[in-house]
Amino acid sequence: MDEERKQTELHPKIEAILDELGTSDSECENHCRELFFNGEYDNVKQFRLKDLQSSYYRCLSFLASAVSVSKSPNQSNLPTILAEACEACADYKREETLRKLSAAFNSLH
């Protein structure tokens, strides 16, 4: 679990996805993550609109929605939202790995 994370009452599955997502190399994406931990879920969702290609923002946006749904009496949509967050997290990790490999390969010339 991230050391900088404040104690939260998040659903355990949300915590697991956040742990896997980790921090980003992007200052802006990390700012969005900080907003998430500060409970500014509407602002987190706005970041998604700023960069529709960012899997990091997509994941945090789904998790922001998951927080709201996990606290409501009707949690029927929670599994779908969590699954979407998992897919966005996996996409981010894949993209991150490809960026790192590209940088490594380009430095070998």
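Structural remarks
Conditions (1) under 21 Å from LEU49 (Cα atoms); (2) in contact with a Ser or Thr (Cβ under 7 Å, 6 or more places away or on another chain), marked per residue:
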| site | (1), (2) |
| --- | --- |
| LYS71 | no, no |
| ASN74 | no, no |
| LEU78 | no, yes |
| ALA83 | yes, no |
| CYS86 | yes, no |
| GLU95 | yes, yes |
| SER102 | no, no |
| PHE105 | no, no |
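- Scanning region 54-76 for residues that are modelled with pLDDT of 95 or more and among the polar types (S, T, N, Q) turns up SER54, SER55, SER61, SER65.
- Matching residues, region 30-49, being surrounded by 21 or more Cβ atoms within 10 Å (Cβ to Cβ) and over 21 Å from ASN77 (Cα atoms): CYS32, ARG33, PHE47
Table: residues versus (1) within 14 Å of the chain's Cα centre (by Cα); (2) not small (Gly, Ala, Ser).
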{"site": "ASP51", "(1), (2)": "yes, yes"}
{"site": "SER61", "(1), (2)": "yes, no"}
{"site": "ALA64", "(1), (2)": "yes, no"}
{"site": "SER68", "(1), (2)": "no, no"}
{"site": "LYS71", "(1), (2)": "no, yes"}
{"site": "GLN75", "(1), (2)": "no, yes"}
{"site": "ILE81", "(1), (2)": "yes, yes"}
{"site": "GLU87", "(1), (2)": "yes, yes"}
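- Count of residues meeting criterion [exposed (fewer than 15 other Cβ atoms within 10 Å of the Cβ) and under 11 Å from ILE17 (Cα atoms)] in region 50-89: 2
The values are calculated or read from the model by the stated rules, or taken from the named source; none is laboratory data. Model, not experiment: these values are computed from the prediction. Don't worry about glycine lacking a Cβ; one is built from the backbone with ideal geometry, like all the others, and counts go over all protein chains shown.
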